[in-house]
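A short write-up of the structure that comes next.
The values are calculated or read from the model by the stated rules, or taken from the named source; none is laboratory data. Keep in mind it's a predicted model, so treat the numbers as computed, not measured. So basically every Cβ, Gly included, is an ideal-geometry build from the backbone, and we count neighbours across all protein chains shown.
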Amino acid sequence: MRKFKVLSLLVCCLATTFMSSCLGDDDGNSGLSPEQVGQCLNAIKGRYTGEMVYASTNPDNAKDNTDTLQIAWTVMATDTTLTIYNFPAARIASSIDDQKVADALVDAMPADVISKLYFFNNSPISFMMYPGPVTYEVNYGGEDHKVTAYFYAGNYSFGLHSATAKKMQMQLILGGVYFDDDLKTNHLKENQIFVFSSKW
C-alpha cells in the first residue's frame, strides 16, 4: 500500500481555490461567456491517466490511512461531459452498512462515472461536477440485485486544471448508496471522499 498522507491537504487546497474563485461571482452566474466556456473545454478536452486517492486502513501501519489506484478519465468537448472509467465497485463496498451486499459488490464489474461540467473560472480552469448515478449489478442470496451509488454534485464535487502547473485535480464525494431502486434507505455508513490527480 502506497503511503499518501496528503489527502486532507489536497482536499483543502482544492476547496480553497474553489471558494476563492467563487468570491468574485456576485451575480450567481459563472461569470464566463459562452466563448470562454468553449475555450475551457477545448483546453481540457482529452484523455487523462492518474491516481485516485481514497481513505483506507493499513493493519501494519496505523498512520497510513489512504491508498491509491491508477484510473483514467476523458473530457468530451462535444457534450461537456467528463467520464471516469472503471470506477471500482470495491471502493463503494467498503462504505456500505450491509456486509452481505458489500461482499457481493466487491466482485462486481467496475462502472463508469459520467459527469456534466459547469465552468466558473478560467484561470485556473475550474469547474463543478454533476455526476450521474452509478449502478452495479450484483448477486447475493441467489438473486440478482442492483446497487446504485450517488455522488454529491456542484459545490462538493469539483475540479481544477492548470496548463502552467501541468496537472488536473478533482474531488468526488460519495453521498448515498441504495439497493434495488429503494431510495428510502441510504446504506452508506459515512461519506467517502475520492481525489483524482493527473500530472503530465
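Quick look at the numbers
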read-out: Top-ranked residue of the range 162-197 - restricted to ones that are of a type in the set (S, T, N, Q) and not in a loop (DSSP other than H, G, I, E, B), ranked as farthest from residue 95 (Cα to Cα); value: 162
read-out: Whichever residue in the range 90-110 is among the hydrophobic types (A, V, I, L, M, F, W, C) and more than 22 Å from residue 156 (Cβ to Cβ) and, among such residues, is surrounded by the fewest Cβ atoms within 10 Å (Cβ to Cβ); value: 109
read-out: Residues of the range 111-123 classified as modelled with pLDDT of 95 or more and either part of a helix (DSSP H, G or I) or surrounded by fewer than 16 Cβ atoms within 10 Å (Cβ to Cβ) (or both), total; value: 2
read-out: Filter result (in a strand (DSSP E or B) and charged (D, E, K, R)) within the range 62-92; value: 67
read-out: Count of residues meeting criterion [in contact with a strand residue (DSSP E or B) (Cβ under 7 Å, 6 or more places away or on another chain), of a type outside the set (Gly, Ala, Ser) and farther than 18 Å from residue 108 by Cβ] in the range 156-184; value: 12
read-out: Selection from the range 124-143 of residues that are in a loop (DSSP other than H, G, I, E, B) and free of Cβ contacts under 8 Å to residues at least 60 places away in the same chain; value: 132, 133, 141, 142
